[in-house]
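Worksheet for the structure shown next.
The values are calculated or read from the model by the stated rules, or taken from the named source; none is laboratory data. Keep in mind that this is a model prediction, so the values were computed, not measured. Ideal geometry is used to build each Cβ from the backbone, glycine not excepted, and the neighbour counts take in all protein chains shown. All accessible areas refer to the heavy atoms of the entire protein, side chains included, with ligands and DNA or RNA removed. Shrake-Rupley method; radii C 1.70, N 1.55, O 1.52, S 1.80 Å.
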Amino acid sequence: EGRRLEILLNATSRRDVDGHIIGVVGIGQNITARIAQEQEYSRLIDTANAPIFGVDINGHVNVWNKCAQALTGYQVKDVLGQNLVEKFVTSDYKYSVQTVLENAVQGNETANFEFPLIHKDGTHGVQILLNATCRRDHEGRPVGMVGIGQDITDAQRSKEAEMRQREAEAATAAQATISAHVYHEIRNVVGSVLALAERASEAVDLALEESSGESIKKLPAEVRFLTEHQRLVCAHAVNTLNDMLDVSRMENGTYKPSAVVIDLGALCHQAAKLQGPRLKNDVQLHLDCPSEAELVVLSDPALLLQYLTNLLSNAAKFTDSGHVMVTCHSTECTPPLDGWVEVVIGVADTGPGIKPAEQDRVLQAFTTGNAVPCEDIGTTVRSTGIGLRLANLIAQILGDAGTENGKDKDDMESWDPLDTMKGREKKRQAHINESRHSIQITSPLPDRLTAQMPGGGGPGTYLTIK
């Protein structure tokens with residue numbers, strides 16, 4: 001019929017009785033259909049409207065269809081024989097893509113894996129959603145990987161644009177909330193100052209009208225009392241406004257932490273000295289922290305001090321009797337990490353405690369839980385509920401800075417503390433990520449702290465960051 005047949009041949013010598021070669025015998029297999037099928041598969045792969053590429057067991061490209069060419073700008077001649085991961089994957093995804101390829105070659109398929117391919121012009125990446133499958137020969141042995149992808153670059157951009165829009169809307173709403181509270185604080189301060197000024201004026205007028213020596217003698221003390229009250233109201237407003245501005249900077253990402261050597265023992269004593277006078281007469285202040293120069297860390301001193309003073313301020317507000325304690329201690333990492341230790345720093349008190357149902361809520365701005373601060377009872381000054389929110393934001397920033405600043409000992413000489421993390425060991429990153437992000441709330445107090453602060457007060461609260 002004149003048709004071409006494709007034969008898979010095994011050829012063997014034919015010999016006579018004396019062993020002389022007298023010809024050849026061939027045992028063949030008709031593989032015409034299989035070759036036609038493979039060619040059809042190749043044509044389908046090459047003309048598919050999805051990027052399809054393949055690699056051999058060494059990770060070298062041996063399949064690169066037209067859609068992959070159009071998306072990346074790389075032609076077949078540019079990529080064949082090149083290492084896919086080394087040449088065409090961005091540095092932050094090399095490890096994960098290599099893992100996917102190795103798993104696929106071993107028969108462990110991966111579905112819906114997102115990663116960027118580098119475009120030839122170098123100006124942008126192409127975001128790919130990949131399904132990776134093992135390629136096998138006719139005997140079923142793994143010979144590489146074939147990946148069928150989907151270009152999700154536009155979808156990713158739309159998603160990121162939507163996220164930016166949501167973040168902008170959330171920022172606008174947060175700004176409106178902060179503005180409302182700022183206006184509220186200013187109104188309260190102005191109202192209080194005006195009321196106190198009127199009372200001072202009335203006291204002066206009354207003393208002058210009575211014209212008695214006793215009234216004139218009492219006048220300086222009364223005016224001093226009212227003036228001191230004015231000062232406290234104004235100081236509270238200034239501190240609140242400063243906290244709101246700090247929260248705003250941290251929430252919108254404009255606060256950049258520093259990284260300097262800090263003596264944690266000295267820092268704890270400084271915080272206690274600043275906030276100690278705010279404690280009630282029936283409250284004792286304790287420090288369970290290292291001696292000076294005993295424990296140093298690399299972090300932002302202003303943020304750590306603000307974190308501790310905010311927690312101490314919160315403890316002073318809610319602890320009417322008993323104890324307040326600053327704690328700081330270090331432990332070996334679990335699992336062990338060479339050259340790394342964990343530092344836990346926090347404040348414990350014997351106040352009314354924070355119920356489990358309220359613990360997430362009190363870390364939000366302008367919420368105080370159900371407990372009423374002791375200093376709010378019978379006064380015109382009210383707690384704004386922003387202190388723990390600020391402390392929690394500090395915990396998050398310090399956690400992020402710790403992840404970015406972590407370095408091996410060999411890297412210390414050329415280390416810039418604000419370098420972003422690139423190619424860090426997955427084990428270390430996962431460990432740090434597990435132990436950061438927010439303040440940990442323990443209420444009531446753990447037995448260890450209850451034993452250190454016996455008698456007086458309520459169930460208490462222990463606030464820490466690691």
So which of Lys256/Lys280; Lys94/Lys256; Lys120/Lys159; Lys280/Lys355 end up more than 27 Å apart by C-alpha?
Lys256/Lys280; Lys94/Lys256
At a 10 angstrom cut-off on C-beta neighbours, averaged per residue, how do the peptides 35-44, 306-315 rank from highest to lowest?
306-315, 35-44
Once phi is turned into θ = phi - 60°, what whole-Hz ³J(HN,Hα) does the Karplus curve with 6.51, -1.76 and 1.60 give for every residue of segment 54-63, x standing for Gly and Pro?
x, 9, 7, 5, 9, x, 8, 5, 10, 9
Roughly to the nearest percent, how much of the accessible area of segment 45-111 is carbon and sulfur, given a 1.4 Å probe?
48 percent
Arranged from highest to lowest average of other beta-carbon atoms within 10 Å per residue, in what order do the peptides 3-11, 117-125, 284-292 appear?
284-292, 117-125, 3-11
List, in order, the whole-Hz ³J(HN,Hα) value for each residue of segment 263-276 obtained from phi through the Karplus relation with A = 6.51, B = -1.76, C = 1.60 and θ = phi - 60°; use x for Gly and Pro.
7, 5, x, 5, 5, 4, 5, 5, 4, 5, 5, 6, 9, x
Relative contact order of segment 16-169 (C-alpha contacts under 8 Å, at least 6 apart) in percent is 19 percent
If packing is taken as the average number of other Cβ atoms within 10 Å across a peptide's residues, how do 295-305, 438-448 rank, most packed first?
295-305, 438-448
Added length on full extension, which subtracts the Cα-Cα distance from 0.36 nm per residue, Leu5 to Arg34
9.3 nm
Between Ser158 and Ile21, what FRET efficiency follows from the Cβ-Cβ distance if R0 is 56 Å, with the result rounded to 0.05?
0.20
Compute from the Cα atoms of segment 1-156 the Rg and the Dmax, the latter being the longest Cα-Cα distance, and quote both in angstrom.
20.9, 76
Rounded to one decimal in nm, the spacing of the 7 Å Cα→Cβ label points at Ser438 and Asp360 is 0.7 nm
For segment 82-90, 3J(HN,Hα) per residue [Karplus equation, 6.51 cos²θ - 1.76 cosθ + 1.60, θ = phi - 60°, Hz, x = Gly/Pro]
8, 6, 4, 5, 5, 9, 10, 10, 5
